[in-house]
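J.: There's a structure below that I have some questions on.
The values are calculated or read from the model by the stated rules, or taken from the named source; none is laboratory data. A quick note: this is a predicted structure, and the numbers were derived from the prediction, not measured. Cβ sites come from the backbone with ideal geometry, for glycine too, and all protein chains shown count toward neighbours. Please note that ligands, DNA and RNA were not included when accessible areas were found on the heavy atoms of the full protein model with its side chains. Shrake-Rupley method; radii C 1.70, N 1.55, O 1.52, S 1.80 Å.
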Amino acid sequence: MNVADSAPAMNNLIGSDADSQRTLYPYVTGTSVVGIKYKDGILLAADMGDYLACHDSGSYGSTLRYKTVERMKSVGKHSIIGASGEISDFQEIMRYLDELILYDNMWDDGNSFGPKEVHNYLTRVMYNRRNKFNPLWNSLVLGGVKNGQKYLGTVNMIGVHYEDNHVATGFGNHLSRPILRDEWHENLTFEEGVKLLEKCMRVLLYRDRSAVNKLQIAKITEEGVTISQPYSLKTFWNFAAFQNPTVGAEGSW
Amino acid sequence: MTKQQANWSPYDNNGGTCVAIAGADYCVIAADTRMSTGYSILSRDYSKIIQLADKSLMASSGFQADVRALQKVLAARHLIYQHQHNKQMSCPAMAQLLSNTLYYKRFFPYYAFNVLGGLDSEGKGCVFTYDAVGSYERVGYSSQGSGATLITPFLDNQLKSPSPLLLPAKDAVTPLSESEAIDLVKTCFASASERDIYTGDKLEIVILNASGIRREYLELRKD
């Protein structure tokens with residue numbers, strides 16, 4: 001049974017005026033976010049580049065349009081969110097979250113939403129938009145600490161979600177998770193955690209076409225949130241095979 | 001210049017396999033804990049089994065977001081049932097509710113492949129098996145998900161359930177003991193993990209019987 005075909009619900013939505021009312025494809029996108037748990041809390045890493053989708057509807061290619069985009073933000077007292085995908089949708093998610101936290105504060109009851117609650121809320125929002133065929137085109141990482149309990153989760157544009165000791169979006173799943181599965185362990189120190197994240201981000205820089213060498217690391221502990229100043233990673237390009245790539249096969253490239 | 005069309009699917013297959021076996025006075029429900037997408041593993045430790053009521057457990061594989069939403073809907077409906085009837089839902093009642101819930105979204109289905117397991121009102125093991133739109137029947141054993149095609153023929157051979165067409169109806173529950181059934185389940189998953197790339201990592205087994213509920217875990221291949 002091909003379930004994706006049997007969706008007559010889509011008939012009146014595709015190729016009609018209703019198209020102007022919903023997201024068809026992403027326009028300005030950010031690439032991978034990587035997150036890990038460490039001894040004192042959570043560490044997130046993301047670069048600051050945003051690419052424009054193909055500049056006309058027929059051709060290839062994309063343009064690096066924005067180079068100073070903050071793709072990680074704090075949420076309430078106990079959480080941080082990192083987003084990849086469509087940046088305008090991330091900005092709308094931040095408006096939803098700001099309202100969520102505001103209403104939570106207005107209860108003035110001494111309670112505040114922890115990362116688990118925020119992650120659950122985000123999952124419901126993403127899933128419900130997917131149900132209406134108008135998704136928020138993002139993959140989100142949500143991490144935080146509350147009452148000593150660390151939490152790290154992720155949710156994507158169709159509502160698939162899970163929590164783990166390390167998570168990543170997009171290309172990060174292919175390139176960073178294997179490194180983390182090998183090298184992550186409980187009670188990493190802050191320095192070890194940053195080194196591990198930088199290793200992941202370096203691999204992404206080499207191999208992800210849409211990665212840029214300007215990144216931030218966000219840290220959240222029981223004490224609060226810190227997002228680092230942007231910095232760049234050292235890279236090495238002097239491999240012998242790249243010095244004279246066509247030696248032995250003149251005329252090739 | 002053609003208009004760019006939507007090129008996203010509202011569905012994904014996050015893989016995994018579920019099995020349930022009904023015994024004379026017990027029920028075994030098992031599922032692997034691997035969650036995947038495409039050729040990537042998202043989590044090696046994600047549970048597909050949920051306890052919906054005292055005597056009902058559901059294991060579901062397929063599209064994880066739909067599975068989770070389905071679990072929440074059923075849990076909420078069970079809570080309302082308890083408020084209204086001052087008792088827990090029986091397993092056959094939950095079976096009907098699950099069927100109705102799935103058919104409710106007949107024209108935008110929950111991409112979830114479910115097995116419901118538990119004890120009926122007489123304390124006998126019961127297993128119900130479903131397709132994505134709510135078609136269901138009570139059986140002695142069932143398997144759903146990516147490894148089902150590998151496991152079902154093996155279970156057919158080992159459990160030899162009598163034909164449901166026989167008159168008078170023969171009991172479908174297995175005469176196997178609880179520990180024999182658990183061993184059989186472990187064998188099923190060990191075999192399925194060899195050949196199904198979406199099945200592996202860890203096996204979660206939940207056993208429901210008159211004394212209550214208990215869990216067992218078994219490591220599976222991680223490749």
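J.: Checking A:R129 against (1) outside any helix (DSSP H, G or I); (2) over 20 Å from A:I36 (Cβ atoms); (3) open to solvent by 30 Å² or more (accessible area, probe 1.4 Å), only one condition comes out false. Which one?
T.: (1)
J.: Of all the residues that make up the range A:202-224, how many are farther than 21 Å from A:G143 by Cα and open to solvent by 40 Å² or more (accessible area, probe 1.4 Å)?
T.: The qualifying residues number 7.
Table: residues versus (1) in a loop (DSSP other than H, G, I, E, B); (2) modelled with pLDDT under 95; (3) of a type in the set (D, E, K, R).
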{"position": "B:F113", "(1), (2), (3)": "no, no, no"}
{"position": "B:G117", "(1), (2), (3)": "no, no, no"}
{"position": "B:F128", "(1), (2), (3)": "no, no, no"}
{"position": "B:V133", "(1), (2), (3)": "yes, no, no"}
{"position": "B:Q144", "(1), (2), (3)": "no, no, no"}
{"position": "B:L167", "(1), (2), (3)": "yes, yes, no"}
{"position": "B:T187", "(1), (2), (3)": "no, no, no"}
{"position": "B:A192", "(1), (2), (3)": "no, no, no"}
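J.: Hey, another quick one. Regarding the range A:147-166, can at least one residue be identified that is in contact (Cβ under 8 Å) with a residue 40 or more places away in the chain, of a type in the set (K, R) and touching a His at 6+ places or on another chain (Cβ under 7 Å)?
T.: Among the residues of the range A:147-166, not one is in contact (Cβ under 8 Å) with a residue 40 or more places away in the chain, of a type in the set (K, R) and touching a His at 6+ places or on another chain (Cβ under 7 Å), which makes the answer no.
J.: For the range B:1-45, which positions are farther than 19 Å from B:A59 by Cα, modelled with pLDDT of 95 or more and among the charged types (D, E, K, R)?
T.: B:D25
J.: Count, please, the residues in the range A:88-105 that happen to be within 12 Å of A:Y121 (Cβ to Cβ), of a type in the set (S, T, Y) and either in contact with a strand residue (DSSP E or B) (Cβ under 9 Å, 6 or more places away or on another chain) or at pLDDT below 95 (or both).
T.: First, pick out the residues of the range A:88-105 that are within 12 Å of A:Y121 (Cβ to Cβ): A:93, A:96-97, A:99-101, A:103-104.
With of a type in the set (S, T, Y) added as a condition, the list becomes A:96, A:103.
Still in the running and either in contact with a strand residue (DSSP E or B) (Cβ under 9 Å, 6 or more places away or on another chain) or at pLDDT below 95 (or both): none.
Residues in the range A:88-105 being within 12 Å of A:Y121 (Cβ to Cβ), of a type in the set (S, T, Y) and either in contact with a strand residue (DSSP E or B) (Cβ under 9 Å, 6 or more places away or on another chain) or at pLDDT below 95 (or both): 0 in total.
J.: Looking at (1) surrounded by fewer than 20 Cβ atoms within 10 Å (Cβ to Cβ); (2) over 24 Å from B:V28 (Cα atoms), which is the one condition that is false for B:A93?
T.: The number of the failed condition is (2).
J.: Out of (1) surrounded by fewer than 17 Cβ atoms within 10 Å (Cβ to Cβ); (2) over 14 Å from the mean Cα position of the chain (by Cα), the odd one out for B:S36 is which?
T.: The one condition B:S36 does not meet is (1).
J.: Moving on to the next point. If we scan the range B:63-74, do we find a residue that is part of a helix (DSSP H, G or I) and of a type in the set (D, E)? Break it down stepwise before answering.
T.: Residues of the range B:63-74 that are part of a helix (DSSP H, G or I), as a first pass: B:64-74.
Then keep just the ones that are of a type in the set (D, E); that gives B:66.
Within the range B:63-74, one or more residues are part of a helix (DSSP H, G or I) and of a type in the set (D, E).
J.: When residues of the range B:205-223 are filtered for being open to solvent by 10 Å² or more (accessible area, probe 1.4 Å) and touching a residue at least 60 places away in the same chain (Cβ under 8 Å), how many remain? If you could, list the steps in order and put the result at the bottom.
T.: Residues of the range B:205-223 open to solvent by 10 Å² or more (accessible area, probe 1.4 Å): B:209-223.
Pick out the ones that are also touching a residue at least 60 places away in the same chain (Cβ under 8 Å) and you get B:209-210, B:213, B:220, B:222.
Within the range B:205-223, residues that are open to solvent by 10 Å² or more (accessible area, probe 1.4 Å) and touching a residue at least 60 places away in the same chain (Cβ under 8 Å) number 5.
J.: I'm checking my understanding of the structure. Among residues of the range A:32-54 that are out of contact with any Lys or Arg (no Cβ under 9 Å at 6 or more places or on another chain) and crowded, with 24+ Cβ neighbours inside 10 Å, which one is farthest from A:G148 (Cα to Cα)?
T.: That would be A:S32.
J.: Being over 18 Å from A:K37 (Cβ atoms) and among the acidic types (D, E), is that true of even one residue in the range A:93-102?
T.: Step one: list which residues in the range A:93-102 are over 18 Å from A:K37 (Cβ atoms), which gives A:93-102.
Subset that is among the acidic types (D, E): A:98-99.
Yes, that holds for at least one residue.
J.: Determine the pairs where a residue that is within 13 Å of B:K55 (Cβ to Cβ), located within the range B:76-88, has a partner that is of a type in the set (D, E, K, R) with Cβ atoms under 8 Å apart, the partner being 6 or more residues away or on another chain.
T.: Final answer for the pair search is B:Q88/B:D54; B:Q88/B:K55.
J.: Then there's this: I'm checking my understanding of the structure. Among residues of the range B:121-132 that are open to solvent by less than 20 Å² (accessible area, probe 1.4 Å) and not hydroxyl-bearing (S, T, Y), which one is farthest from B:D171 (Cα to Cα)?
T.: Result: B:A132.
J.: Among the candidates B:S60, B:S99, which residue alone is assigned to a strand (DSSP E or B), among the polar types (S, T, N, Q) and either touching a Cys at 6+ places or on another chain (Cβ under 8 Å) or open to solvent by less than 20 Å² (accessible area, probe 1.4 Å) (or both)? Can you show your working first?
T.: Working: B:S99 fails: assigned to a strand (DSSP E or B).
Going through B:S60, B:S99 in turn, just one is assigned to a strand (DSSP E or B), among the polar types (S, T, N, Q) and either touching a Cys at 6+ places or on another chain (Cβ under 8 Å) or open to solvent by less than 20 Å² (accessible area, probe 1.4 Å) (or both): B:S60.
J.: Further question on the same structure: Across the range B:59-80, what is the number of residues that are closer than 15 Å to B:G118 by Cβ and of a type in the set (S, T, Y)?
T.: Total satisfying the criteria: 1.
J.: Can you tell me which residue in the range A:225-240 is farthest from A:G49 (Cα to Cα), limited to those that are touching a residue at least 12 places away in the same chain (Cβ under 8 Å) and surrounded by 11 or more Cβ atoms within 10 Å (Cβ to Cβ)?
T.: The residue in question is A:V225.
J.: List every residue pair whose Cβ atoms lie under 7 Å apart, where the two residues are 6 or more positions apart in sequence or sit on different chains, the first residue falls within the range B:168-192 and is at positive phi and touching a residue at least 24 places away in the same chain (Cβ under 8 Å), and the second residue, located anywhere, is hydrophobic (A, V, I, L, M, F, W, C) and open to solvent by 20 Å² or more (accessible area, probe 1.4 Å).
T.: Pairs that qualify, where the first residue is at positive phi and touching a residue at least 24 places away in the same chain (Cβ under 8 Å) and the partner is hydrophobic (A, V, I, L, M, F, W, C) and open to solvent by 20 Å² or more (accessible area, probe 1.4 Å): there are none.
J.: Could you pull out the residue among A:N138, A:N165 that is within 14 Å of another protein chain (Cβ to nearest Cβ), modelled with pLDDT of 95 or more and open to solvent by 20 Å² or more (accessible area, probe 1.4 Å)? Show your work before the answer.
T.: On the way: A:N138 fails: open to solvent by 20 Å² or more (accessible area, probe 1.4 Å).
Matching residue, one of A:N138, A:N165: A:N165.
J.: Give the residues of the range B:134-163 that are open to solvent by 70 Å² or more (accessible area, probe 1.4 Å) and either of a type in the set (S, T, N, Q) or under 21 Å from B:M94 (Cβ atoms) (or both), sorted by residue number.
T.: If the condition is that a residue be open to solvent by 70 Å² or more (accessible area, probe 1.4 Å) and either of a type in the set (S, T, N, Q) or under 21 Å from B:M94 (Cβ atoms) (or both), then B:S135, B:Y136, B:E137, B:R138, B:T149, B:N157, B:Q158 are the ones that fit.
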